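The values are calculated or read from the model by the stated rules, or taken from the named source; none is laboratory data. Since the structure is predicted, the reported quantities are computational estimates derived from the model, not experimental observations. Virtual Cβ from ideal backbone geometry, glycine too; neighbours counted across all protein chains shown. Just the protein is used for accessible areas: all its heavy atoms, side chains included, with ligands, DNA and RNA removed. Shrake-Rupley method; radii C 1.70, N 1.55, O 1.52, S 1.80 Å.
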Amino acid sequence: MVMMKNITVSGGICPVTQTWLHLVPLLRQGQLETAGMFSHQFNLKDRRQAFRLYDSRDDGTIKIMIDVE
């Protein structure tokens, strides 16, 4: 179907389970630049709204960050 509609699909593979333990401390210490990585950011108390938005894909939603601090 993708070929018949002239659609380009791109993606990547990320070994999340192997990298997560290394990335979380770097994020917490502010050593990783996240600007532009997430389309939306929410506090933990607003997680329901975040998941609803992600499910709907409204407002250009691509990737959501939920701050648990």
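The order of Arg48, Arg57 by accessible area, most exposed first and with a 1.4 Å probe, is Arg48, Arg57. Solvent-accessible area of the chain (1.4 angstrom probe, protein heavy atoms only): carbon and sulfur portion equals 57 percent.
Placing R0 at 22 angstrom, the Cβ-Cβ distance between Trp20 and Lys45 gives a FRET efficiency of 0.40 after rounding to 0.05. Per the Kirkwood formula applied to alpha carbons, the chain shows a radius of gyration over Rh ratio, Rg over Rh, of 1.06. When the helices of the chain are scored as -39500 (n - 2.57) per DSSP H run of n ≥ 4 and the total is divided over every residue, the value at 222 nm lands at -10000 deg cm²/dmol. Here the 3J(HN,Hα) profile of the range 58-66, calculated from phi with Karplus coefficients 6.51, -1.76 and 1.60 at θ = phi - 60°, is 6, 6, x, 5, 10, 9, 10, 9, 10 Hz, Gly and Pro shown as x.
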